[in-house]
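Data block below; observations after.
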Amino acid sequence: MMIAQMQAILELRNVVKDFPSHRAVDDISLTLEAGRFYSLLGASGCGKTTTLRLIAGFEKPTSGEILLNGTRVNDVPPYRRNVSTVFQSYALFPHLTVEKNIAFGLEQRGERSFSGKVEQAIEMVRLSGKSKRLPAELSGGEKQRVALARSLVLEPSILLLDEPLAALDLKLRREMRAELKAMQQRTGITFLFVTHDQEEALAMSDEIAIMHRGKIEQTGPPREVYRKPATRFVAGFLGAMNWIGDAGVRPEALRIARNGSEYRSTARVEQSLFLGNAVHVLLKLESGESATAELTGAEADFRTGELVHVNWSSADEMRFPR
Amino acid sequence: MKQLRFWMLAPARVWMALFFAAPLLIVVAYSLLTRGDYGGVEQPTTLENFTRLFDPLYGAILLRSLVIAIVATAFCLLLGFPMALFISRSGRRKNLYLQLVTLPFWTSFLVRTYAWLFLLRDTGLINTLLIKAGIVSSPLPLLYNNGAVLLGLVYGYLPFMVLPLYATIERMEPALLEAAADLGARPFAALRRVTLPLALPGMFAGSVLVFIPCMGAYLTPDLLGGGKTVMAGNLIQNQFTTARDWPFGSAVSLMLMAINMLLLLPMMRRSEDVL
Amino acid sequence: MKRGLSLYAAVAFAFLYVPLFVLVVFSFNQSRFTIWTGFSLDWYRAVFANTEMAEATWNSVVIAVTSSALSAVIGTLAAYGIWKRRSPLLTGSLYLSLVTPEIVTGISLLAFFQLVFRVVHLTLGLYTVVLAHVAFSIAYVAIVVTARLRTLDPSLEEAAMDLGATPWRAFWRVTLPALAPGIIAAALLALIVSFDDYVITSLVAGVDSETLPMVIYAIARRGANPTINAVSTLIVVGFGALIIISERVRQR
């Protein structure tokens, strides 16, 4: 524990942020260790963007402390923090070329000969040959890579990413996930990735913090938060969840058979949705509750109106205090 | 960051305080004082300058200013609306026509007022042509009357009406007119029941932009109106120069501003964000 | 209806342009009367030979350039400051200055200067005109620049600060370049308004600081004179050119 704290690159201690209309961040505490990929996950309005802005320095906490590398930075303006942000809109300077955009931060530091660093950064994001282009001439994905390069070239303590993949289409998004993860591992810089897409968070992170209404509901590695959600909210937010009685059961944990020997409930098939790699079967249980089962493989061919047997193992049940 | 903002606003604040607010406050102060023998201002504070405004002589001037300003605004509305409509329907040439409408405005106001002087005089172009064509035997008194002033004002400020009207009409969804037609409205009816009502904010905005300078007009009534004190602006100038009655001139000025603000406040609210 | 509108538009545009056109045409008329007797450049020669006019034009240029430059700077800074966080007092005074009739602004400044001169022992001159022109131009510039600011992405400045730029440097290197076309257009507007101003200028100009509009006005008052036609044509051409340039710059 002591060693982990010495390595803590960012610490939020009981941070509160109030706006005139509401409390955006409600007493959160967070510790990030160096060199790992973190995600801040939550629905819109949960306070994750505000938290990011507090770390970057665009907002000041109402109370609580923010420590970077052990130093209190509450009153330090953004241009003096060794933290860099990739904005959701990329915020590339429209009147500067790719090269000049990337060089901007280095110039502000007063560095003289940085063309080598800039070239390296351009290569790292695979934009060689486009260094003299203007942002207006780039595609969405290319703009995002320039934004990344611009921030990474400064070798910040933490790289903050504010839903950077939101504007990209699905295929590109999936490609970028792998690239971002690889980049983080290669550079060793701590990434803090803010998103509302739980699939993204699960796929990329070493650790996830789930936020809801200004509070952190749970932090932990992806497998842990998925399999052992700490609260009802987390259980319902990550992946899909069936609430049967007062237990939660994941769709992939439900088994359906036409004539099962053991079963927990009968059910009528309401709909069967073919999704390519899986089938979702919407069921109406005998208790009147609805549930969805996720089935993979050839077994899945149930028709609307069929009566089936539904089973699951007690180990797959999740219960939470009301 | 707060410091930066403070220094950035400082020059404007100082300038406006010194060269706008302070002078206006002096005018307010003067309006309550008395005229000095040699044209300055003197002690006894009085409300006489304001009661003088109701004197038939001066009241008439203020009333005339109001009427001329209102009529000029009305004409600008009547003449400007079809123009705005035309421009918004001219497809690719929209920008060209827009520039053509505003270009005259950007040339000198003095020059454009003088142009009417040149046209309307007894020996001006219009009279010369009329006499030559035998339509009249002696020149028509086209100049030095309220009509000429009205003409000069409408000519000068028409673009101020066309631009906001155009902006409002442009913002209308084209689908609205299509829907109206689909529901059986003929072009004129659609104009009356869809375009016109939706253009209302633009009309208010344009009226504000035309009324203010018309109400406070000086050059136009001076050059085209003959006489010394056609409108309030001329009266004020007169009081501050030849008549040397600064307190009274100040009172007229404040009255002018009061009329402006009274009529404008409700209008500005109704012009939404066109302004 | 389209044909009716087109016809109307043609007449309306004619109404707007014929007076100017007539003015220009008759500046080339040999005779001083409105009967065309022949083509001549005499009146233009008279304009260029008129030393009073030449001096007045120079004064107008100096005043216009100085006041437009000053109001461009002050107005831009004001618009930016207000954009960052509202200042109702300043915004209110700027709007008020737009609503105040020119004649009132003019006499108020006259009264102000007379009062100040009792203490400071100066007189009216070119500089008082500049001070006055800047006062009413700031509002124009602020409006144009504010409109332009609203089209900017606010995260650009944040990005600059995030990368290490101080707030001033962020403004200077990121926001200002984006505002440049708008500022130039506003400055040109202020330039033309200042050059053309008669009312306020005539009240606060010193004895030796006549401007071109003042000279034109004096001549016009005495009756029509084709010299004015010539000067007017030159002004129209000059302003027209400036406006077309301004539009080109603004399109960027």
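Taken together, the values in this text are just the output of simple stated rules run on the coordinates, not laboratory data. This one's a predicted model, so the numbers in the text were calculated from it and none came from an experiment. Methodologically, a virtual Cβ is constructed for each residue, glycine included, from the backbone with ideal geometry; neighbour enumeration extends over all protein chains shown.
In this model, which of B:94/C:2; A:132/B:94; A:117/A:171 are farther than 24 Å apart at the alpha-carbon?
Over 24 Å apart, Cα to Cα: A:132/B:94; A:117/A:171.
Can you list, bin by bin at 5 Å, the percent of alpha carbon pairs in segment A:180-276, starting at 0?
Calculated over all Cα pairs of segment A:180-276, the distribution is 2, 9, 18, 18, 15, 12, 10, 7, 4, 3, 1, 0 percent.
Give me the tail of P(r) for chain B as a percent: Cα-Cα pairs with distance above 32 Å.
When all Cα pairs of chain B are counted, 42 percent exceed 32 Å.
Give me the net charge of residue C:169's neighbourhood, meaning all other residues with Cβ under 14 Å from the Cβ of residue C:169; Lys, Arg count +1, Asp, Glu -1.
-1
List, largest first, the extents of the alpha carbons of segment C:52-251 along their principal axes, each in whole Å.
Principal-axis extents of segment C:52-251 (Cα, largest first): 64, 44, 26 Å.
Counting only other chains, and only Cβ atoms inside 10 Å, what mean value do you get across the residues of A:148-158?
Averaged over the peptide's residues, the number is 1.
Using only Cα atoms, find the angle between the long axis of helix C:126-149 and the longest principal axis of chain C, and express it within 0 to 90 degrees, rounded to the nearest 10.
60 degrees
Using alpha carbons only, how many angstrom separate the centre of segment A:233-287 from the centre of segment C:1-60?
Cα centres, segment A:233-287 to segment C:1-60: 86 Å.
Relative to the longest principal axis of chain B, what angle (0 to 90°, nearest 10) does the C-alpha long axis of helix B:109-120 take?
Computed tilt is about 80 degrees.
Report, in listed order, any pair from A:100/A:130; A:60/A:228; A:60/B:2 with a Cα-Cα distance greater than 23 Å.
A:60/A:228
To the nearest Å, what is the center-to-center distance of segment A:301-322 and segment C:76-108, using C-alpha atoms only?
Each part's Cα centre sits 69 Å from the other's.
Under the Kirkwood approximation for Rh and a Cα-based Rg, what ratio Rg/Rh is obtained for segment A:242-316?
0.92
How high is the FRET efficiency between residue C:153 and residue A:231 when r is their beta carbon distance and R₀ equals 56 Å, given to the nearest 0.05?
Efficiency, rounded to the nearest 0.05: 0.90.
Provide the net charge surrounding residue C:33, with neighbours chosen by a C-beta distance below 13 Å and charges set as Lys +1, Arg +1, Asp -1, Glu -1.
Residues close to residue C:33 contribute a combined charge of +2.
With no solvent and one point on each alpha carbon, what is the Debye value of log10 I(q)/I(0) for segment B:202-249 at q = 0.15 Å⁻¹?
Values, matching the q order: -0.46.
Pick out, from A:225, B:128, C:149, the residue whose Cα sits farthest towards the positive end of the charge dipole of the protein assembly as shown, with +1 on the Cβ of Lys and Arg and -1 on the Cβ of Asp and Glu.
B:128
Neighbour counts of other C-beta atoms within 10 Å: give me A:233, C:39, C:33 arranged from fewest to most.
Final ranking by Cβ density, sparse to dense: C:39, C:33, A:233.
Under unit Cβ charges (Lys, Arg +1; Asp, Glu -1), what dipole magnitude, rounded to 20 debye, does the protein assembly as shown have relative to its Cα centre?
Charge dipole of the protein assembly as shown: 920 debye, to the nearest 20.
With angles folded into 0 to 90 degrees, how steeply does helix A:140-152 sit against the dominant principal axis of chain A? Use alpha carbons for both and round to 10.
60 degrees
Over chain A, what relative contact order in percent results from Cα pairs under 8 Å that are six or more residues apart?
Reported as a whole number, the value is 17 percent.
Apply 1/(1 + (r/R0)^6) to the Cβ-Cβ distance of residue B:170 and residue C:8, taking R0 = 22 Å, and write down the FRET efficiency to the nearest 0.05.
E(calc), rounded to 0.05, equals 0.70.
Return the aspartates and glutamates within reach of residue B:132: Cα separation strictly under 20 angstrom, same-chain partners fewer than 8 residues apart disregarded; answer none if there are no such residues.
Here the aspartates and glutamates satisfying the reach criterion relative to residue B:132 are B:122.
Cβ under 15 Å from residue B:182's Cβ, residue B:182 left aside: what net charge do those residues give with Lys, Arg +1 and Asp, Glu -1?
Net local charge, residue B:182 excluded: 0.
Given all pairs of different Cα atoms, what value in angstroms does the Kirkwood hydrodynamic radius of the protein assembly as shown take?
When all Cα pairs of the protein assembly as shown are included, the Kirkwood radius is 32.8 Å.
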